[in-house]
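Let me begin by presenting the structure, written as structure tokens, before commenting on it.
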Amino acid sequence: MAKFLIGFMGSGKTTLAKAWSKDAIDMDDYLEQKYRRPIYDYFDQGEEDLLRQRESEILQELLATDQIIATGGGIVEKAINRELFKQAEAVIFLRLDFEALYERLKQDSMANRPLFLSLKKEDLFHLFLKRQSLYEEVATLIIEVGSRTPSELIKILLLSE
Ligand code: S3P
């Protein structure tokens, strides 16, 4: 069964997954390639529901692999996804405080983060608060990112295996 990295946008899921395994899969990239449609386009067209539905299907599909999977920050919003995570080998929550996340996002605002680009800081903070308990609910391991480098985080991950 797969191991998942979860957490808010900017917490470093993709970077860490790729540093952990060269075969790691980024769910956003996977979804974009599978449906040949960029993430931002679902938001532009008012089709976030379709994006979330596809995200669930992909979660189910990837669960059965033995890969390390970096998820999108909104994955925990759907109850069905939280249920699916119970079957995973590990669900690792990369926890970081909001101000640190916000600074990281400002420096790395990617096109597949339309929520960061469109929401006011205050609204993004509410989204962050709403999701914290959901990440905690499904996590089998919580890692405090703080100012740790990817290689320091990998050491923690390997010790947890
Ligand atoms: C989202 C996070 C993004 C991407 C999409 C929605 C979210 O992924 O899935 O823009 O709802 O937080 P990252 O967490 O990898 O940025």
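Every read-out reported here was derived from the displayed coordinates using simple, explicitly stated rules and does not represent laboratory data. A quick note: this is a predicted structure, and the numbers were derived from the prediction, not measured. Glycine also receives a Cβ, built like all others from the backbone with ideal geometry; neighbour counts cover every protein chain displayed.
Mean sequence separation of contacting Cα pairs (under 8 Å, at least six apart), scaled by the length of the stretch 32-141, corresponds to a relative contact order of 34 percent. The simple spin-label model puts a point 7 Å past each Cα toward its Cβ; for residue 130 and residue 67 those points are separated by 2.9 nm. Among the GluC sites (Glu not before Pro) found in the stretch 1-109, those both in a DSSP coil and sparsely packed, with 15 or fewer other Cβ atoms within 10 Å of their Cβ, are 47, 89.
Here the convex hull built on the C-alpha positions of the chain has a volume of 105 cubic angstrom per residue. What the Kirkwood sum gives for the stretch 59-98 is a hydrodynamic radius of 11.2 Å, with every pair of different alpha carbons counted.
Between their Cα atoms, which of 18/78; 18/120; 13/155; 3/86 are more than 20 Å away from each other? Correct reply: 18/78; 18/120. Our helix-only sum for the chain, with -39,500 (n - 2.57) per DSSP H run of n ≥ 4 divided by its residues, gives a mean residue ellipticity at 222 nm of -16000 deg cm²/dmol.
Charge tally around residue 135: other residues with Cβ under 12 Å, Lys/Arg +1 each, Asp/Glu -1 each, net +2.
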